[in-house]
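S.K.: Can you keep this structure in mind? I'll have questions shortly.
The values are calculated or read from the model by the stated rules, or taken from the named source; none is laboratory data. Keep in mind it's a predicted model, so treat the numbers as computed, not measured. Every residue, glycine as well, gets a Cβ built from its backbone with ideal geometry; the counts of neighbours run over all protein chains shown.
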Amino acid sequence: MNQDELLKLDAKHLWHPYTSVKHPSPMHVVSSAQGVHLQLMDGRKIIDGMSSWWSAIHGYNHPKLNLAAKQQIDQMSHVMFGGLTHSPAVSLAQRLVNMTDDSLQYVFLADSGSVSVEVAIKMALQYSFTTGRHRQKLLSLRSGYHGDTFGAMSVCDPVNGMHSMFAKVLPQHIFAPAPECRDDADWRAEMIDPYRQLIEQHQHELAAVIVEPLVQGAGGMRFYCPEYLRQLRQLCDEFDLLLIFDEIATGFGRTGSLFAYEQAGIVPDILCLGKALTGGYMTLAAVLCNDRVASGIAADGAGVLMHGPTFMGNPLACAVASASIDLLQESDWQSRVTAIETQLKAELSQLNNSSIVNDVRVKGAIGVVELVAPVWEHMDWLPAFIVEQGVWIRPFRNLIYIMPPYIIESAELRQLCLAITAIVEALEVRQKRTG
Ligand SMILES: *Cc1c(COP(=O)(O)O)cnc(C)c1O
C-alpha cells in the first residue's frame, strides 16, 4: 500500500491513543526506525525525542535486541505460563531481582504497565484481606498517572484523569495533594502534614499508598524531591500501609539513577516496572514485591495471587527484556544520562525568558517546557510544524517535553532543543497576533 492508501484506511478504521475515529487527527506513516531516527514514508527522517513514550532507551533496530528476538523466536514465541516455565522468564526475573533492592524478591510478569498497576493494587488489597486488615482503599497523589485500565484509572488524578465520565463505576480512593517541593534543600517539615492528616483520617480503610517516585509523568511532567518519599515510607510504616512505587516511566535510568527510589534511599513494598523494560521492543511489565507482601498473601488458606494473563511471561518479550537490561548495564548509561541532563539544562533554560513559558525543568534525561496556556487549539498546525523541524515531539496540554533515547548524540539533542525553541517562538508569534 502506498502512503495515501495507508492514511486513508487508517483514518477510516483505526483508533489511536486518545483520539476520535469520527474526527481523526493527522498522522505520519513510519516505515522504519534506526538509532534515534524515525523514517517516515514520505522520505523524511526525523529525530525521536519521545523514545516511543519512555521505552526505546537504546534507540531503534538495535542489533543485540534484534538478535535476542530472532534467537528466541526460533526456540518458541510463547507457551502458557500456567504449570510451565522457561529460561527467558527465569533469567529475566533473576536480573530484575539482582538489579533492585535485596528485599524485592518476587516477580509477577504482566502484559503492560496498566496491567502491572492492576496487579500491584490487587496484591495490596489481597494482602490486606488475607492478613485480616480488610482495608480496601489506596492513597494516591493528585497529578498522578498510573494507566488506562479501570483499576489504574481509579488512582490517576481525578480531574485530568477520566474520573468524571466514569465516576460511578470507578472505586473511590483517597487523593492527597500533588507534591510541590522540587528540591530537598527547600523542604519544610510541614509539607508532609496534608499527607499525614489524610492517612490518619483514613487509616482504617487504607491498604496502601501508590506514587510515581520523583517524576509524575503523563499527569503533568512534574518533578518533586526525594524527601516526600522518605516521609511517605515513614508514614506507611507508622500506619501499617504498603507502599507501591510505579516506576513504569522512571525505571531503567531515566532520572539519573537506575530506579528513582534509589535517590530517596528507601524501598517500596511493591514496585511496578514497564515501558523501557524491553528497550521499546514489546509490551511487558513486571511487579516486584517483598517477602512481607508475598507471605501475607500466602497466609490465607490456598494463598494464591488471583491473576494470570494468557500471555504471562511471554518468552519473546522476556528474552528481549534481558538483552535490553544487559545492554543497559554494559553501557555507560549514567554518564550519557548526565550528559543529556547537562545539555538540556544549558539549551532549554533561556526559554524561561519567554512570556508564554511558565517553567523549564530538567531531571536526568527528561526535559520539560511548561507553557502558560495549553496547546490544543494549535494542534491543527503544530504537529506538522514540529515534523518540519526534523524532529518527533508530541506536546500535550501545556507541556512540550522530551525524553530521548540514551544513545542520542549531542548534535541530535541540540536539534531537538532548537526545535523546542522554534515551537515556543512560533506559539509566541501567534499569541502576539491574536493579542
Ligand atoms: C505509561 C505508564 C503507565 C501505563 O503503562 P501502559 O504500558 O501504557 O499500560 C502506568 N504508570 C506510569 C507511571 C506510566 O508512565
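S.K.: For residue 123, state whether it is among the aliphatic types (A, V, I, L, M), within 16 Å of the ligand (Cβ to nearest atom) and not in a strand (DSSP E or B).
M.R.: Judged against the criteria, residue 123 is a match.
S.K.: Kindly check whether there is at least one residue in the stretch 60-76 that is within 16 Å of the ligand (Cβ to nearest atom) and surrounded by 15 or more Cβ atoms within 10 Å (Cβ to Cβ).
M.R.: No, there is no match, as no residue in the stretch 60-76 is within 16 Å of the ligand (Cβ to nearest atom) and surrounded by 15 or more Cβ atoms within 10 Å (Cβ to Cβ).
S.K.: Can you list the helices (runs of 4 or more DSSP H) lying wholly within the stretch 1-109 that have 2 or more residues being closer than 25 Å to residue 395 by Cα and of a type in the set (A, V, I, L, M)? Talk me through it step by step, then tell me what you get.
M.R.: Values: elements: 3-13, 51-54, 63-75, 87-99.
Once the helices (runs of 4 or more DSSP H) in the stretch 1-109 are filtered for at least 2 residues that are closer than 25 Å to residue 395 by Cα and of a type in the set (A, V, I, L, M), what remains is 3-13.
S.K.: When the stretch 159-213 is examined, which residues are found to be touching a Lys or Arg at 6+ places or on another chain (Cβ under 8 Å) and part of a helix (DSSP H, G or I)?
M.R.: Matches in the stretch 159-213: 202 only.
S.K.: What number of residues within the stretch 344-402 satisfy the criterion of being among the acidic types (Asp, Glu) and within 15 Å of residue 417 (Cβ to Cβ)?
M.R.: 1
S.K.: Inspect all residues belonging to the stretch 80-96 and state whether any of them is at pLDDT 95 or above and touching a His at 6+ places or on another chain (Cβ under 7 Å).
M.R.: No; the residues of the stretch 80-96 include none that is at pLDDT 95 or above and touching a His at 6+ places or on another chain (Cβ under 7 Å).
S.K.: Continuing with the same structure: Show the residue pairs meeting these rules: Cβ distance below 8 Å; 6+ apart or different chains; first residue within the stretch 132-146 and at positive phi; second residue assigned to a loop (DSSP other than H, G, I, E, B) and within 16 Å of the ligand (Cβ to nearest atom).
M.R.: 143/157; 143/160; 143/178; 143/219; 143/220
S.K.: Take the residues in the stretch 243-267 that are of a type in the set (Phe, Trp, Tyr) and outside any helix (DSSP H, G or I), then tell me which one is farthest from residue 131 (Cα to Cα). Please lay out each step first, then the result.
M.R.: Initially, the stretch 243-267 is screened for residues of a type in the set (Phe, Trp, Tyr), giving 245, 252, 259, 261.
Filter again for outside any helix (DSSP H, G or I), leaving 245, 252, 259.
Values: 245: 21, 252: 33, 259: 29 Å.
That would be 252.
S.K.: Is it the case that some residue within the stretch 144-153 is surrounded by fewer than 20 Cβ atoms within 10 Å (Cβ to Cβ) and within 12 Å of the ligand (Cβ to nearest atom)?
M.R.: Step one: filter the stretch 144-153 for residues surrounded by fewer than 20 Cβ atoms within 10 Å (Cβ to Cβ), giving 148-150.
Next cut, within 12 Å of the ligand (Cβ to nearest atom) only: 148-149.
Checking the stretch 144-153: at least one residue is surrounded by fewer than 20 Cβ atoms within 10 Å (Cβ to Cβ) and within 12 Å of the ligand (Cβ to nearest atom).
One line per residue, one yes/no per condition, for (1) more than 20 Å from residue 323 (Cα to Cα); (2) under 12 Å from the mean Cα position of the chain (by Cα):
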residue	(1), (2)
238	yes, no
248	no, yes
251	no, yes
255	yes, yes
278	no, no
282	no, no
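S.K.: A further question follows. Does residue 7 qualify as being in contact (Cβ under 8 Å) with a residue 12 or more places away in the chain and assigned by the TED database to the domain that holds residue 281?
M.R.: Spelling it out, it is not the case that residue 7 is in contact (Cβ under 8 Å) with a residue 12 or more places away in the chain and assigned by the TED database to the domain that holds residue 281.
S.K.: Condition first: β-branched (Val, Ile, Thr) and surrounded by 23 or more Cβ atoms within 10 Å (Cβ to Cβ). Now tell me which residues in the stretch 83-120 satisfy that.
M.R.: 100, 115, 117, 119, listed by residue number.
S.K.: Follow-up. Could you tell me whether residue 143 is outside any loop (DSSP other than H, G, I, E, B) and among the small types (Gly, Ala, Ser)?
M.R.: Details: outside any loop (DSSP other than H, G, I, E, B): no; among the small types (Gly, Ala, Ser): yes.
So residue 143 fails the test.
S.K.: Exactly one condition in (1) more than 17 Å from the chain's Cα centre (by Cα); (2) closer than 27 Å to residue 49 by Cα is false for residue 321; which is it?
M.R.: For residue 321, the failing item is (1).
S.K.: Does the stretch 222-242 contain any residue that is outside any strand (DSSP E or B), of a type in the set (S, T, N, Q) and touching a residue at least 12 places away in the same chain (Cβ under 8 Å)?
M.R.: Scanning the stretch 222-242, I find at least one residue that is outside any strand (DSSP E or B), of a type in the set (S, T, N, Q) and touching a residue at least 12 places away in the same chain (Cβ under 8 Å), so the answer is yes.
S.K.: Might you let me know whether the stretch 159-176 holds any residue that is in the same structural domain as residue 248 (by the TED database), in contact with a helix residue (DSSP H, G or I) (Cβ under 8 Å, 6 or more places away or on another chain) and either under 24 Å from residue 311 (Cβ atoms) or within 12 Å of the ligand (Cβ to nearest atom) (or both)?
M.R.: Yes - at least one qualifying residue is present in the stretch 159-176.
S.K.: Right, another one. Being part of a helix (DSSP H, G or I), within 19 Å of residue 89 (Cβ to Cβ) and either touching a residue at least 40 places away in the same chain (Cβ under 8 Å) or not charged (D, E, K, R) (or both) narrows it down to one residue among 293, 320; which is it? Show your work before the answer.
M.R.: Values: 293 fails: within 19 Å of residue 89 (Cβ to Cβ).
Of the residues listed, the single one that is part of a helix (DSSP H, G or I), within 19 Å of residue 89 (Cβ to Cβ) and either touching a residue at least 40 places away in the same chain (Cβ under 8 Å) or not charged (D, E, K, R) (or both) is 320.
S.K.: With the requirement that a residue be surrounded by 12 or more Cβ atoms within 10 Å (Cβ to Cβ) and more than 22 Å from the chain's Cα centre (by Cα), what does the stretch 353-374 give you?
M.R.: Those that are surrounded by 12 or more Cβ atoms within 10 Å (Cβ to Cβ) and more than 22 Å from the chain's Cα centre (by Cα): 354, 356, 357, 358, 372, 373.
S.K.: Okay, moving on. If we keep just the residues of the stretch 18-58 that are free of Cβ contacts under 8 Å to residues at least 40 places away in the same chain and within 16 Å of the ligand (Cβ to nearest atom), which is surrounded by the most Cβ atoms within 10 Å (Cβ to Cβ)?
M.R.: 19
S.K.: Among (1) part of a loop (DSSP other than H, G, I, E, B); (2) more than 16 Å from the ligand (Cβ to nearest atom); (3) surrounded by 21 or more Cβ atoms within 10 Å (Cβ to Cβ); (4) not aromatic (Phe, Trp, Tyr), which single condition is residue 156 missing?
M.R.: (2)
S.K.: Pull up the stretch 296-317, narrow it to residues that are in a loop (DSSP other than H, G, I, E, B) and within 16 Å of the ligand (Cβ to nearest atom), then point me to the one that is farthest from residue 68 (Cα to Cα).
M.R.: Residue satisfying both the conditions and the ranking: 307.
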